[in-house]
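The values are calculated or read from the model by the stated rules, or taken from the named source; none is laboratory data. Quick caveat, the model's predicted, so the values are computed rather than measured. Cβ sites come from the backbone with ideal geometry, for glycine too, and all protein chains shown count toward neighbours.
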Amino acid sequence: MPNRLMFALMATTAVAAGASLLAAKTTAGIAQGGNSWTLGEDAATKKNPLTPDAPTLAAGKAVFKDKCQRCHGPGGLGDGPDSDPDAREDMDLTNPKRAERNPDGLVYYKVLNGRRRPKMPAFKDELNEGQIWSVITYTQSLRKKP
Ligand code: HEC
């Protein structure tokens, strides 16, 4: 029955397309590939090795101004000149509600690997391990208290 087979195939494709759309929307999801974030297996447990002391925050701020501010805005609100207006809420690094969904390791992989859509560049070729953790420490300091 080729027609039924055809229909089944088309239905499967539609479901798969819907699922990947959904995956792209769940920013905190550990989903891999497609338009989503690419996260390492230790994303939930990896810890920031740095303490938020003055030199670390200063180093992190410098990286932020250089690499992140154009999109995330000077205060991390997601209002930089290159920000994606449709993704502003997801780009707000100060929202305390997003903090619990973004433990250290998750943020680390987000910065390391970026994502395709909404577009955030990968920084693994631009920043070393220490720079990544220092900018993370700085962005964590921008979070409003819950
Ligand atoms: C070209 C613009 C752009 C640049 C540059 C950029 N980002 Fe992003 N960033 C985004 C977008 C868009 C999102 C939202 C993606 C989404 O929908 O989840 C995002 C999301 C994030 C998130 C996840 C927020 C959350 O609550 O899920 C973190 C953390 C982050 N960026 C940190 C950084 C850091 C640190 C830098 C600099 C090293 C940086 N970004 C540079 C565009 C950018």
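Some points to look at:
- Members of the range 73-94 that are surrounded by 19 or more Cβ atoms within 10 Å (Cβ to Cβ), within 8 Å of the ligand (Cβ to nearest atom) and assigned to a loop (DSSP other than H, G, I, E, B): GLY78, ASP92, LEU93
- Checked against (1) more than 19 Å from ASN35 (Cβ to Cβ); (2) touching a Lys or Arg at 6+ places or on another chain (Cβ under 6 Å); (3) acidic (Asp, Glu), ASP82 passes all but condition (1).
- Test result for GLU126, assigned to a helix (DSSP H, G or I), among the acidic types (Asp, Glu) and more than 14 Å from LEU39 (Cα to Cα): no
- Of LYS97, LYS67, all but one fail to be out of contact with any helix residue (DSSP H, G or I) (no Cβ under 8 Å at 6 or more places or on another chain) and either outside any loop (DSSP other than H, G, I, E, B) or modelled with pLDDT under 95 (or both); the exception is LYS97.
- Residue within the range 104-123 that is within 6 Å of the ligand (Cβ to nearest atom), of a type in the set (Phe, Trp, Tyr), surrounded by 17 or more Cβ atoms within 10 Å (Cβ to Cβ) and modelled with pLDDT of 95 or more present: yes
- Among the residues of the range 21-62, those that are part of a helix (DSSP H, G or I), within 15 Å of the ligand (Cβ to nearest atom) and either at pLDDT 95 or above or touching a strand residue (DSSP E or B) at 6+ places or on another chain (Cβ under 7 Å) (or both) comprise THR56, LEU57, ALA59, GLY60, LYS61, ALA62.
- Verdict on ASN128 being crowded, with 17+ Cβ neighbours inside 10 Å and polar (S, T, N, Q): no
- Cross-chain or 6+ apart pairs with Cβ under 8 Å, the range 79-100 first and in contact (Cβ under 8 Å) with a residue 24 or more places away in the chain and among the small types (Gly, Ala, Ser), then within 6 Å of the ligand (Cβ to nearest atom) and in a loop (DSSP other than H, G, I, E, B): ALA87/PRO118
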